[in-house]
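We did not get these values from a lab; they are worked out from the coordinates using the rules stated. Small disclaimer: the values here were computed from a predicted structure and weren't measured. Backbone-built Cβ (ideal geometry, glycine too); neighbour counts: all protein chains shown.
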Amino acid sequence: MGTFDDSGEYTPRLITENDLGSLTLDEAYSATMVDVQNGQLVEGTVVRVDKDEVLLDIGYKSEGVIPPRELSIRNGVDPSEIVSVGEKIEAVVLQREDKEGRLVLSKKRAQYERAWGRIEEIKEGDGMVSGAVIEVVKGGLIVDIGLRGFLPASLVELRRVRDLQPYIGTTIDAKIIELDKNRNNVVLSRRAWLEETQKEQREEFLHNLRPGEVRNGVVSSVVNFGAFVDLGGMDGLVHVSELSWKHVDHPGSVVTVGDEIEVQVLEVDLGRERISLSLKATQQDPWQEFAGAHQVGELVYGRVTKLVPFGSFVQVGDGIEGLVHISEMSAHHVDLPEQVVTPGEELWVKIIDLDLQRRRISLSIKQAAEGGVVAAEYQEHFGEHAYDAEGNFIGGESSEGQEAWAELYGEEEAVEGAVQEAVQEAVEEAVEEAVQEAVQEAVQEAVQEAVEEAVEVDSETTET
């Protein structure tokens, strides 16, 4: 109510003071509202949290809406796990007004803007970032470092890791190796951080390695060009050519991840921190073994592996192949190797040359057919009773290979016999024909002479 003065005059209560000045009420009301532009960074208070949106009061004429996908760099999160009512947060204006007239905001974009400045400073200072692994994607991991940092699988550890799932939820340290704000691309390397922090241990490990020494290790990964072996401090590479004395199509046919193997150190590159290893160096060289058990002139049993224009290759031992030149395939002229042998065929061959240094063996099918000393392992197989004192094969149970040889040379002998028989018959016929012609000529000549003599005698009688 109002008041009265001493004279009893009434003064009404002042309801409000006209402080608008020259402004109208609408103008004064608009002046209290925040004006925003697309891309502007704003601050506000969370007033409501729902599953499909979060409302943020930034002092605008209406609350701003933050869709769930714009709340966090993590996918499929519950909004209530990210923000709560009454919390003050920053956001970036995406749209002042969408189709429904709402102000659309993004907390995630504001987080990006703040994080980029910090990430750039760390990259320039060659520093380290720390964050939680939030997702496994094709080729690596996504790490929350204020934005989505990509950590390739090959850079998670010092050696490649196959199963990345156990890293989900863990916090890791990493170096920033690539940064592109325009493409919103950040590439991390935990391996670089591990190498930096474990440099002294690696150097000590490398200096303790000596070429030629044998170490035990575990196969950590298998790739097309070889296998990596964990030596207990660092990984070394066994190149595919050092996996076996035999030909290897793929390293996976020789070793698998987790195999415990014994390898020999071939080379240690201190500058590049690389270790070259060999698995076959710890195994018996089949060529040395074969050369020690065989000599030139011996007969060995083998299997035809492939044909080439100049002959055929025959496997005569485990991982040992020799060449039968086309001139050594048969006693007869041979135009093509397939005229004599076929791949997979088993047969006897004679060793005619053994070059251990070049790892080459020359074999002969033709000379094997002539006989000779059979290698010791085959004498044991067929039994001592099948060989004479000099090691020559004299009999015993016939093998498929021997039967094939017998059939092959039996056919050749049959052909030779038929040819000889045909020649003999032709000669006999020619002789008989010549004799008959000679007899006929002799008879005709005798008759002619007799007739002439008779005519002469008759002529003389008449004259008398």
Original post:
Which ordering of ILE320, ILE275 is given by a fewest-first count of other beta-carbon atoms within 10 Å?
Top reply: ILE320, ILE275
Original post:
What are the residues whose amide H is under 5 Å from the amide H of VAL54, where those residues sit 5 or more places off or on another chain and H is modelled from the backbone?
Top reply: ILE66
Original post:
Using the eigenvalues of the Cα gyration tensor, what equivalent ellipsoid semi-axes result for segment 25-110 when each is taken as the square root of five times the eigenvalue, whole Å, largest first?
Top reply: 23, 13, 11
**OP:** Could you list the residues of segment 337-364 with an amide nitrogen less than 19 Å from a label point located 7 Å from the Cα of GLN295 in the Cα-to-C-beta direction?
**Re:** 349-357, 361-364
**OP:** Treating each Cα of segment 116-178 as an identical point scatterer and ignoring solvent, apply the Debye formula and state log10 I(q)/I(0) at q = 0.16, 0.29 Å⁻¹.
**Re:** -0.49, -1.35
**OP:** Give me the Debye-computed log₁₀ of I(q)/I(0) at q = 0.11, 0.13, 0.15, 0.24 Å⁻¹ for segment 156-272, equal point scatterers on Cα only, no solvent, two decimals.
**Re:** -0.48, -0.65, -0.82, -1.38
Subject >> Ordering of 210-217, 64-71 by burial proxy (mean other Cβ atoms within 10 Å per residue, highest first) >> reply: 64-71, 210-217
Original post:
In the structure shown, do any of LYS280/LYS350; LYS108/LYS138; LYS246/LYS350; LYS88/LYS123; LYS108/LYS175; LYS280/LYS366 have a Cα-Cα gap over 26 Å, and if so which?
Top reply: LYS280/LYS350; LYS88/LYS123; LYS280/LYS366
**OP:** Two decimals is fine: what is log10 I(q)/I(0) at q = 0.10 Å⁻¹ for segment 59-191, from a Debye sum with one equal scatterer on every Cα and no solvent?
**Re:** -0.39
Subject >> Ranked list, fewest to most other Cβ atoms within 10 Å of each Cβ, for ASP6, ASP180 >> reply: ASP6, ASP180
**OP:** Please find the FRET efficiency linking LEU336 to GLN440, where r is the Cβ-Cβ separation and R0 is fixed at 51 Å, and quote it to the nearest 0.05.
**Re:** 0.50
Original post:
Roughly speaking, what % of Cα-Cα pairs in segment 211-328 are separated by over 25 Å, rounded to a whole number?
Top reply: 39 percent
Original post:
So what is the relative contact order of segment 25-110, in percent, for Cα pairs below 8 Å that sit 6 or more residues apart?
Top reply: 32 percent
**OP:** Go through 74-80, 295-301 and give me the packing order, highest mean Cβ count within 10 Å leading.
**Re:** 295-301, 74-80
Original post:
When the Karplus curve 6.51 cos²θ - 1.76 cosθ + 1.60 is applied with θ = phi - 60°, which whole-Hz ³J(HN,Hα) does each residue of segment 222-237 get, with x for Gly and Pro?
Top reply: 10, 10, 4, 9, x, 9, 9, 10, 7, 8, x, x, 8, 9, x, 9
Original post:
Taking N as the number of residues in segment 284-379, what is its Cα Rg relative to 2.2 N^0.38 Å?
Top reply: 1.00
Subject >> chymotrypsin sites (Phe, Trp or Tyr not before Pro) restricted to segment 191-248 and DSSP loop, no more than 14 other C-beta within 10 Å >> reply: PHE225
